[in-house]
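Student: Structure incoming, see below.
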Amino acid sequence: MVGVGRRSLRETEELRACAHRVSRATSRKDDLLLGPPEEVSRSRRAGFAALDVAMTTEPEDPVAPLAAEPAVPSLVDRYFTRWYKADVKGKPSEDHCILQHSNRICVITLAGSHPVLQSGKTIKSISYQISTNCSRLQNKVSGKFKRGAQFLTELAPLCKIYCSDGEEYTISSCVRGRLMEVNENILHKPSILQEKPSTEGYIAVVLPKFEESRSITEGLLTQKEYEEVVLKRLKATTATSQGARTEVE
């Protein structure tokens, strides 16, 4: 128990340090963010700062706390709300996760149930070249009004993931808005998409229109609703497997 106590104290100190870095980083992000109103500008700076801190300090699979200890929310969960899109474009289990900050910024990631994140899958390559004439890498954003940003619809493809088993997966935006950036790091090291999908392995950052900031989540699932969908799938798969075994016997 002494070891547990020390770990908890260390984690608390790290969280305090992270909060301090968020405060400092907020004043350094002017060149990345929008906003004539000073309040909106500060909010967006905080959003990018929170994402930076989460990516550099948050372990993807933190050790589960003991029952006697209060659960400490992850840095991602402290700053972002998780939304989900299940069976994107009608493809079973190809679920996406959207991390939404209070300032409207949405980080597009893979949900834990996506086939790419299942055991045994190896990513061969990732491409932001979605068609012959369109590459998300060509997205050039300039100025505080983010001129030049590609506009995305909910079903707009962001990238394609190619696995060693021959399977190919297209990742969609899931929200309407302007493409702020794509994560070029996953091109050079595809494994981080599987190792840290919610942080360093994110797909892209999208900024919805202000007037649509509340409506973009209407077609998405909450964390609880998503878990219910995954559980329902698991039960259906189990029932099918048991039925097949019964027929064989």
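The values are calculated or read from the model by the stated rules, or taken from the named source; none is laboratory data. Bear in mind the structure is a predicted one, so any value in this text is a computation, not a measurement. Cβ: placed from backbone, ideal geometry, glycine included. Neighbour counts: every protein chain shown. Areas reflect the complete protein model, heavy atoms only, side chains present, ligands, DNA and RNA absent. Shrake-Rupley method; radii C 1.70, N 1.55, O 1.52, S 1.80 Å.
Student: How much of Val205 can a 1.4 Å solvent probe reach, expressed as accessible area in Å² and rounded to 10?
Tutor: So the heavy atoms of Val205 present about 0 Å² to solvent.
Student: So, one more: Take every Cα-Cα distance within segment 73-201, group them into 5 Å bins from 0 onward, and report for each bin the whole-number percent of pairs it holds.
Tutor: All Cα pairs, binned at 5 Å, distribute as 2, 10, 19, 25, 22, 15, 6, 2, 0 percent.
Student: Provide the net charge surrounding Thr153, with neighbours chosen by a C-beta distance below 15 Å and charges set as Lys +1, Arg +1, Asp -1, Glu -1.
Tutor: +3
Student: Please list Arg104, Arg178, Arg214 from largest to smallest accessible area, probe radius 1.4 Å, with all protein chains kept in place.
Tutor: The ordering from most to least exposed comes out as Arg214, Arg178, Arg104.
Student: Counting only other residues whose beta carbon sits under 10 Å from that of Ser164, what net charge do I get with K and R as +1, D and E as -1?
Tutor: Its environment carries a net charge of 0.
Student: Could you tell me which residue out of Leu193, Ile126, Val141 lies farthest along the dipole of segment 110-201 toward its positive end? Charges go on the beta carbon: Lys and Arg +1, Asp and Glu -1, centred on the Cα centre.
Tutor: Final value for the positive-end residue is Val141.
Student: Where the centroid of each part is defined by its Cα atoms, how far is segment 121-139 from segment 75-99 in Å?
Tutor: 20 Å
Student: Next question, about the same structure. Might you tell me the accessible area per residue for segment 104-249, computed with a 1.4 Å probe and given in Å²?
Tutor: Heavy-atom SASA per residue in segment 104-249 reads 55 Å².
Student: Starting from the residue with the highest accessible area, list Lys224, Lys121 in decreasing order, probe 1.4 Å.
Tutor: Lys224, Lys121
Student: For segment 156-240, rounded, prolate or oblate, judged on the Cα gyration tensor with a ≥ b ≥ c (square roots of eigenvalues), a/c < 1.5 rounded, else prolate if a/b > b/c?
Tutor: oblate
Student: Using the Cα centre as the reference, give the magnitude of the dipole from point charges on the C-beta atoms of segment 138-233 (Lys, Arg: +1; Asp, Glu: -1; all else neutral), rounded to the nearest 20 debye.
Tutor: With Lys and Arg at +1 and Asp and Glu at -1, about 520 debye.
Student: Would segment 104-168 count as rounded, prolate or oblate if I go by the C-alpha gyration tensor, calling it rounded below 1.5 in a/c and otherwise prolate when a/b exceeds b/c, oblate otherwise?
Tutor: Prolate, since a/c reaches 1.5 and a/b exceeds b/c.
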